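Some notes on the structure that comes next.
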Amino acid sequence: MLGKTAGSLYWMARYLERSENNARLIEAGFRIALTRSNTARAEWRSVLVTAGSDWRFAQAHGEDYTSPRVVDFLLRDPANPSAILSVVKQARDNARTARTYLTREVWEAVNTSWMTLSGLLKRQVREDDLPDVLAAIRQQSAQVRGAFTGTMLRNDGYNFARLGTFLERADNTARILDVKYFLLLPSVAHIGSSIDNVQWETILRSVSAHRAYRWLYGTEISALKIAEFLILYKQMPRSLAFCCDKMNDNLGWLQRGYGEETEAGRMAEAICRDRLSRPIQSIFDGGLHEYITDFLRANAALAQQVERDYRFVE
Amino acid sequence: MQGQGGETRAPYREFCEWFAAEEPARIHRKAQQAEAFFRTTGITFAVYGQDEADERLIPFDVVPRIISASEWRRLSRGIEQRVRALNAFLHDIYHRQEILRAGRVPVELISRNEAFLPMMMGMDPPGGVYTHISGIDIVRTGANEFYVLEDNARTPSGVSYMLENRETMLQMFPELFAKVPVREVGDYPINLLRSLSACAPPACGGTPTVAVLTPGIHNSAYFEHSFLADQMGAELVEGHDLRVVNGRVAMRTTQGYKPIDVLYRRVDDDFLDPLNFRPDSVLGVPGIWDVYRAGGITIANAPGTGIADDKALYSYMPDIIEFYTGEKALLPNVPTWRCSDPEHLKEVLDRLPELVVKEVHGSGGYGMLVGPAASKKEIAAFRAKLEANPRGYIAQPTLSLSTVPIFTRSGLAPRHVDLRPFVLMSPAGIIITPGGLTRVAMTKGSLVVNSSQGGGTKDTWVLED
């Protein structure tokens, strides 16, 4: 297949994943803003940092970290290239470019999702409509995913798209940890006061896993457990270990299919081996912040290597 | 749909029976569903210069245009004759130019024509085919009167609408196709692939690799480009995916560069090769021309075919057909005044309010004057343009185009239509898909059917014998 097409499938998947992640961040932030108005501004700010959009926000709106302003910025502000509206548009443009490699079902799901969301986000969303809009974003994204897993041939194109999904997702989970790591620091937990309930719930809600956590760990809420869950727990579909396992599968498929080992394949293996096959305690011992920073860097380097190895651009 | 006496014409009888028994509300609902279907499928076209609403639907009308088996036999014979003549003319013009020597076509019409490509002189395109894909625009003015309005020998578009219109009708009214025996159009993509593959260049070893070259997602016909590539199972490439490697045009795949044998290009000649044509073009492939000359790739349609569908040349088509086939043209031309001829020009200027005047190099219904529909001011302005540059225009009588009903809020209403059948040519022969694209002027009384000017489309049925 064309390198450009592979790149378009990869970016289509990354953008779709990004829109879903951003919706989840808004949802978690909005919840805190409603329940704890005194910490709302700080919370919105950390949401912006997680989305990688804080400096753009500051440029456009200064220190105006109010719910309506931040929510609008994340949903549809033209000044924000990562706003859901523009991310979905980019996903659709990439899908159009790769149209010949998509089934009719997938293309229609992506196109419908763009049509629906550009309708819903035409105007600023009123606060009482926000839950519905976020639900619609989640639903559209689920429809694309359903069409994708249900109808796509398991060929190279499929693997490039999945690679995009998991690289983006790993990046997102790692960023959430990066922004919130201070809440998980042993110094806080060791004092004996368990972490602030609302705060840890926000972390888990940002990856839609607060219920899953309770199923697994019951009522025990500890920094170590939350970090373990988000970093190492392989059955959790947004954990770093899960994402990296999948990337390894996708790259393994591509290497076997093409009969050619690549640098990207080696890098993905190294991430799994060196960073995700160790107990959580050793990660804390080496410094959680350093660990996350290193992971983000390795993940970004892998993404770049994939583009090179498979000739997305000249 | 109706004959002169108001009776329902034979090909429409079964359809009309069905229609009479249907609830208008149901058909209306179906028409709305069709629109939603076109939107989600992304069957849209981009309108240049309109920023936000940059994708539009071409209006689709649910009433089919129906052609009987015997009418189609006649039409397709005439179309085949015409396409063979066009191809023979192109070969001649780029070789010995006998038609010019014989004085049947004026030399300056070729030598001073921008569409003439001197670089094609002496070139033999693989398989001897110039016009792999052509579209012949036909209008009807009476029960047995068909005219060819225009030939499209460069990159005729619209075939995806022909196919999707049928698909839509099949989804909306499956029962109708059980009642009326309509000929298939769905094998166009496979015929296109076969036809292109049959023209593979000498350098091709094994199964030819076919690719479609598009200017990209912002081109107005992008949907069609991706649709055809998809249906053929061919790669859809842009200029920046291609480069010349080891004397072949190759595309950048995830596993390195891979040669292409046949390139169905949907970009104009000028943009094909920045080294040999327009240097500022980023749509084409530097050096593709040299590969083409050396037999390393087939370009469809061949560069330089524009000389055959030039509007100034159109008036010579009856002579051209006779010259190469030895037969009279089976399908007549619309009588045409060449404004480059002083006598013709005088007559045109005298009769401007009743004529249609077209730019020789125009397309898409732009830059034309429809005399009977124009205001005095518009006519005066056009007169000035015409006097300043008579060579740039031709004129034709305003034809009383046949009408076909469309479905409106207040029931059926007549609208003017034309027809563009699509013709494939390869050394293996000529294939004409039964029917083609029917374009319809959606505004009452209007004669302009171009989609860029608000025209719509219909499904076109050719009945089985």
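The values are calculated or read from the model by the stated rules, or taken from the named source; none is laboratory data. Every value quoted in this text rests on a predicted model; they were computed, and no experiment measured them. Cβ sites come from the backbone with ideal geometry, for glycine too, and all protein chains shown count toward neighbours. Remember, those area values only see protein heavy atoms, side chains included, never the ligands or the DNA or RNA. Shrake-Rupley method; radii C 1.70, N 1.55, O 1.52, S 1.80 Å.
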Whichever residue in the range B:206-241 is farther than 20 Å from B:Y188 by Cα and aliphatic (A, V, I, L, M) and, among such residues, is nearest to the other protein chains (Cβ to nearest Cβ): B:I217
Count of the range A:214-255 residues which are in a helix (DSSP H, G or I), open to solvent by less than 10 Å² (accessible area, probe 1.4 Å) and either modelled with pLDDT under 95 or under 22 Å from A:N22 (Cα atoms) (or both): 11
Enumeration of residues in the range A:256-314 that are among the β-branched types (V, I, T) and surrounded by 15 or more Cβ atoms within 10 Å (Cβ to Cβ): A:T262, A:I271, A:I280, A:I283, A:I292, A:V306
Residue tally, condition in contact with a helix residue (DSSP H, G or I) (Cβ under 7 Å, 6 or more places away or on another chain) and more than 11 Å from chain A (Cβ to nearest Cβ), over the range B:250-271: 4
Total residues in the range B:347-363, condition free of Cβ contacts under 8 Å to residues at least 24 places away in the same chain and surrounded by fewer than 13 Cβ atoms within 10 Å (Cβ to Cβ): 1
Any chance A:K89 is within 14 Å of another protein chain (Cβ to nearest Cβ) and under 29 Å from A:F160 (Cα atoms): yes
Subset of the range B:138-162 [among the aliphatic types (A, V, I, L, M) and either open to solvent by less than 20 Å² (accessible area, probe 1.4 Å) or touching a strand residue (DSSP E or B) at 6+ places or on another chain (Cβ under 8 Å) (or both)]: B:I138, B:V139, B:V148, B:L149, B:A153, B:V159, B:M162
Selected residue (criterion: farthest from A:V88 (Cα to Cα)) from residues of the range A:1-41 that are open to solvent by 10 Å² or more (accessible area, probe 1.4 Å) and without any contact (Cβ under 8 Å) to a residue 12 or more places away in the chain: A:N38
The range B:168-199: number of residues that are more than 24 Å from B:A229 (Cα to Cα), in a helix (DSSP H, G or I) and open to solvent by less than 50 Å² (accessible area, probe 1.4 Å): 3
Unique residue being out of contact with any helix residue (DSSP H, G or I) (no Cβ under 7 Å at 6 or more places or on another chain), assigned to a loop (DSSP other than H, G, I, E, B), within 14 Å of another protein chain (Cβ to nearest Cβ) and more than 30 Å from B:Q81 (Cα to Cα) when the list is B:P274, B:P286, B:P279: B:P286
Per-region count, the range B:1-28, residues in a loop (DSSP other than H, G, I, E, B) and of a type outside the set (S, T, N, Q): 9
The range A:126-147 - residue that is open to solvent by less than 40 Å² (accessible area, probe 1.4 Å), in contact with a Phe, Trp or Tyr (Cβ under 9 Å, 6 or more places away or on another chain) and touching a residue at least 60 places away in the same chain (Cβ under 8 Å) and, of those, nearest to the other protein chains (Cβ to nearest Cβ): A:L134
Search result, residues across the range B:365-417 that are at pLDDT 90 or above, under 11 Å from B:L447 (Cβ atoms) and part of a helix (DSSP H, G or I): none
Failed criterion for A:A223 (all others in (1) away from every other protein chain (no Cβ under 14 Å); (2) within 24 Å of A:R14 (Cβ to Cβ) hold): (2)
Matching helices (runs of 4 or more DSSP H) fully within the range A:63-124 where at least 2 residues are open to solvent by 50 Å² or more (accessible area, probe 1.4 Å) and more than 26 Å from B:S226 (Cβ to Cβ): A:67-75
Residues of the range B:214-256 classified as assigned to a strand (DSSP E or B) and either over 25 Å from A:N111 (Cβ atoms) or aromatic (F, W, Y) (or both), total: 11
Selection status of B:P421, open to solvent by less than 10 Å² (accessible area, probe 1.4 Å), within 30 Å of B:D124 (Cα to Cα) and touching a residue at least 60 places away in the same chain (Cβ under 8 Å): yes
